[in-house]
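The values are calculated or read from the model by the stated rules, or taken from the named source; none is laboratory data. For clarity, every value in this text was computed on a predicted model and none was experimentally measured. Here Cβ is always computed from backbone atoms with ideal geometry, including for glycine, and neighbour counts include all displayed protein chains.
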Amino acid sequence: MKKILIIEDNTSLAKELKELLNRNGYNSMISDGGDYKSLINENTVDLILLDINLPHESGFEICSYVKSTIQIPVIILTGRNANIDEVMGLSLGADDYIKKPYHAGVLLARIKRLLTVENTENIKNYRGISLDIRKNKITYSSKEIFITKTEALILDYLIDRPEEVVSRVELIEFLWDNQSFVDDNTLSVNVSRLRKKLESIGIENIIKTVPKQGYVV
């Protein structure tokens, strides 16, 4: 059973989320952020639901710590709906950003996407790039880098369709099921962040933008 850590200081909302997750087959824990490090160290946490406005550390600080130390998917779930907050969260490595009030079906679909590896093939190879979809790891010219689950899914989807232009709408629907619940910035930030990580190990211009159409590798 997958274990989800809910970091939320609103007690009633945290309990509501816990009940929702437990009803849908997950094992969940609640923290207001003060003890999240010990909970992660003492438990096998598969995913974190993270608020931004917390009493001990901000959700941004927690996201930065998690993504710099361990490879756990993070979904930011917050009432802060400014674009700058979403860009900040995604730039720090969050795999998804959902605004409150949340839609239960959408939240569960996003969680399922991040916890389920759709590909039966573990390793994908393309132009010298080795993508380990299960470990979210890229190897190139003896260099390795870890990426987020969303970034891994984007790269995996594109390299499965070499030289084929994939529209933004198609990518959004693949990644988040229903584009009506996704801000257009979310895809742009994820692609930009993925490109920078690829460039850091010498992979340049692998993901090209086709104006008014989408992306192609």
Exercise. Inside the range 119-154, can you point out the residues that are among the basic types (Lys, Arg) and in a loop (DSSP other than H, G, I, E, B)?
Worked result: ARG127, ARG134, LYS135
Exercise. Is it true that LEU171 is modelled with pLDDT of 90 or more, in the same structural domain as ASN27 (by TED's automatic domain parsing) and surrounded by 19 or more Cβ atoms within 10 Å (Cβ to Cβ)?
Worked result: no
For this session: Looking at (1) surrounded by 20 or more Cβ atoms within 10 Å (Cβ to Cβ); (2) at pLDDT 95 or above, find the lone condition where GLU151 falls short.
Result: (2)
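One line per residue, one yes/no per condition, for (1) modelled with pLDDT of 90 or more; (2) under 14 Å from the mean Cα position of the chain (by Cα); (3) among the aromatic types (Phe, Trp, Tyr); (4) in the same structural domain as TYR157 (by TED's automatic domain parsing):
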| site | (1), (2), (3), (4) |
| --- | --- |
| ALA14 | yes, no, no, no |
| LEU21 | yes, no, no, no |
| ASP35 | yes, no, no, no |
| ASN43 | no, no, no, no |
| SER64 | yes, yes, no, no |
| ILE76 | yes, yes, no, no |
| ASN81 | no, no, no, no |
| MET88 | yes, yes, no, no |
| LYS99 | yes, no, no, no |
For this session: Could you tell me which numbered condition ILE52 fails, if it satisfies all but one of (1) under 12 Å from the mean Cα position of the chain (by Cα); (2) buried (at least 17 other Cβ atoms within 10 Å of the Cβ); (3) outside any helix (DSSP H, G or I)?
Result: (1)
For this session: Would you check if there is a residue in the range 77-99 being in contact with a helix residue (DSSP H, G or I) (Cβ under 9 Å, 6 or more places away or on another chain), of a type in the set (Phe, Trp, Tyr) and farther than 14 Å from SER188 by Cα?
Result: no
Exercise. Does the range 113-139 hold any residues that are among the β-branched types (Val, Ile, Thr), farther than 21 Å from TRP176 by Cβ and at pLDDT 80 or above, and which are they?
Worked result: ILE123, ILE129, ILE138, THR139
Exercise. Residue check, VAL169 against (1) closer than 18 Å to THR209 by Cβ; (2) in a loop (DSSP other than H, G, I, E, B), all met but one. Which one?
Worked result: (2)
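For every residue, the table says whether it meets (1) surrounded by 15 or more Cβ atoms within 10 Å (Cβ to Cβ); (2) closer than 25 Å to LEU21 by Cβ.
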position	(1), (2)
GLU57	yes, yes
ILE70	no, yes
PRO73	yes, yes
ILE76	yes, yes
ARG80	yes, yes
THR116	no, yes
ARG127	no, no
LYS137	yes, no
